[in-house]
Amino acid sequence: MNSPSPLTIDVSLGARSYPVWIGRGLLGDAERWRARLRGRHVLVVSNTTVAPLYLDRVTRGLDGLRWSQHLIGDGEAHKSFANVEHALGALAALGATRDACVLALGGGVVGDLAGFAAACWMRGIDFIQMPTTLLAMVDSSVGGKTGVNLPAGKNLVGAFHQPRAVVADIDTLATLPVREYRAGLAEVVKGAAIGDEAFFAWLETHVDALNAQDAAAVIAAIARKVRYKAGVVARDETEHGERALLNFGHTFGHALETVGHYTTLLHGEGVAIGMLLEARLSERLGMSQGADTERLRRLLARLGLPVTVPPGMPPDALLAAMRLDKKNLAGQLRLVLWHGIGGCEIVNGIAETDVLAVLHEAITAA
Ligand code: NAD
Ligand code: GLY
């Protein structure tokens, strides 16, 4: 039976358009998502934490199909080439034909890896994203970026491969650790901060509801962020322009994650601190006002996100990590800078002295 009308956002990409369904009870609503399958073969990819919690809800809906499951270990280290090869082996063992579909049940790690395996099998088969973290619901499951890490760095290998549908069942958030939930909120704030002032104001008035994980507020926040991202992706699917703006907070954020060896901060936490550092850099360069930075800081703090640079992160090490950012061009730093709430732009050739000054100031103030 269908669950009561989920909120639906369409990602408009011509023949490759797809719905993002956001609501409750959606994993068990097989009638809805099975309508997006084209063939008889299904491989469900999940991990060892999520599968015991939610795999049954999905596999109950697979009656009459030829399906199997493939589980990976939990954690970023498992977003590897070796695991793509194992997933492809599972597709081979299933006898998957070109109309087969991969179901990605989990957070961003599972979604990125399973999507990449789908992009590779027979040069591209369907996949459906079934995100179970807030971060995956509001960001990684939408837009078709798939891929894996290499020892040389994160997300260095991948493909743009859009899903056939995204099934964001917020019931799964009940078991998500609260720190992971808050990290997902950082990506929600990012969307509002760079592109939607009214949404930012809405977040400010719904902090208590979001902290309490009130279902209506959570659905509304996911929907608004997904609608914003879907618009950006529809206009710039393969990141030749506007899509790069989604990296606000990510240059400093990735550097913080790297220098913390991916153990100190979750991705969303790095983005929260990174947004504030990029806001301060924008202020320093005369592009935004201190009052906006303070509004951003206050909202992030009220949502339980870190707003200061953790100890043990020297500015020189952070700058060295920033020099390796994928956005840089011709050896020069290239960052998304802020015009205050609701606007931003990408700026080339940022002086390292300005970056270091912002880092020193932030570390002294912390
Ligand atoms: P994750 O997939 O590692 O999930 C976080 C943790 O929550 C894991 O331990 C996971 O097992 C657990 N978990 C997941 N769902 C759960 C649930 N419902 N209940 C209990 N535990 C649950 O991390 P993430 O934050 O979802 O995703 C991060 C990944 O996403 C990174 O690899 C990042 O590079 C990628 N990413 C991709 C894009 C994109 O556009 N493709 C965008 C942002 C991030
Ligand atoms: N998370 C950034 C993007 O999808 O482009």
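The values are calculated or read from the model by the stated rules, or taken from the named source; none is laboratory data. Since the model is a prediction, treat every value here as computed from it, not as a measurement. As a convention, Cβ positions derive from the backbone with ideal geometry for all residues, glycine included, and neighbour counts pool all protein chains shown.
Count of region 51-104 residues, restricted to those that are more than 16 Å from ligand 1 (Cβ to nearest atom), surrounded by fewer than 19 Cβ atoms within 10 Å (Cβ to Cβ) and in contact (Cβ under 8 Å) with a residue 60 or more places away in the chain, is 1. Going through (1) closer than 19 Å to Asp325 by Cα; (2) small (Gly, Ala, Ser); (3) surrounded by fewer than 24 Cβ atoms within 10 Å (Cβ to Cβ) one by one, Ala255 falls short only on (3). Yes or no: region 251-263 includes at least one residue that is closer than 28 Å to Pro311 by Cβ, away from ligand 1 (no atom under 12 Å from the Cβ) and free of Cβ contacts under 8 Å to residues at least 24 places away in the same chain. Yes, there is a match, as at least one residue in region 251-263 is closer than 28 Å to Pro311 by Cβ, away from ligand 1 (no atom under 12 Å from the Cβ) and free of Cβ contacts under 8 Å to residues at least 24 places away in the same chain. Scanning region 220-263 for residues being farther than 19 Å from Gly343 by Cα, touching a helix residue (DSSP H, G or I) at 6+ places or on another chain (Cβ under 8 Å), within 12 Å of ligand 2 (Cβ to nearest atom) and not in a helix (DSSP H, G or I) gives a total of 1.
Quick check: anything in region 298-306 away from ligand 1 (no atom under 16 Å from the Cβ) and under 24 Å from Ala351 (Cα atoms)?
no
Return a yes/no flag: does region 189-207 have any residue that is surrounded by fewer than 16 Cβ atoms within 10 Å (Cβ to Cβ) and touching a strand residue (DSSP E or B) at 6+ places or on another chain (Cβ under 6 Å). Checking region 189-207: not a single residue is surrounded by fewer than 16 Cβ atoms within 10 Å (Cβ to Cβ) and touching a strand residue (DSSP E or B) at 6+ places or on another chain (Cβ under 6 Å). Using the structure shown, decide if Arg243 is at pLDDT 95 or above, away from ligand 1 (no atom under 15 Å from the Cβ) and in contact with an Asp or Glu (Cβ under 6 Å, 6 or more places away or on another chain). No: the conditions fail for Arg243.
One residue stands out among those in region 108-147 that are within 11 Å of the chain's Cα centre (by Cα) and hydrophobic (A, V, I, L, M, F, W, C): the one that is nearest to Ala165 (Cα to Cα), which is Val142. Of the residues making up region 140-192, those that are in contact (Cβ under 8 Å) with a residue 40 or more places away in the chain, in a helix (DSSP H, G or I) and within 16 Å of ligand 2 (Cβ to nearest atom) number 10. The residues in region 110-125 that are buried (at least 24 other Cβ atoms within 10 Å of the Cβ) and among the aromatic types (Phe, Trp, Tyr) can be counted, and the count is 1. Restricting Leu62, Leu105 to those that are of a type in the set (A, V, I, L, M, F, W, C) and either within 29 Å of Gly270 (Cβ to Cβ) or in contact with a Cys (Cβ under 7 Å, 6 or more places away or on another chain) (or both) reduces the list to Leu105.
Among the candidates Ala174, Ala168, the residue that is under 22 Å from Gly75 (Cα atoms), under 14 Å from the mean Cα position of the chain (by Cα) and among the small types (Gly, Ala, Ser) is uniquely Ala168. In region 145-165, the residue that is nearest to ligand 1 (Cβ to nearest atom) out of those that are aliphatic (A, V, I, L, M) and farther than 18 Å from Ile128 by Cβ is Val148. Look at region 126-181 and say how many of its residues are polar (S, T, N, Q) and either at pLDDT below 95 or surrounded by fewer than 20 Cβ atoms within 10 Å (Cβ to Cβ) (or both). So the count comes out to 3.
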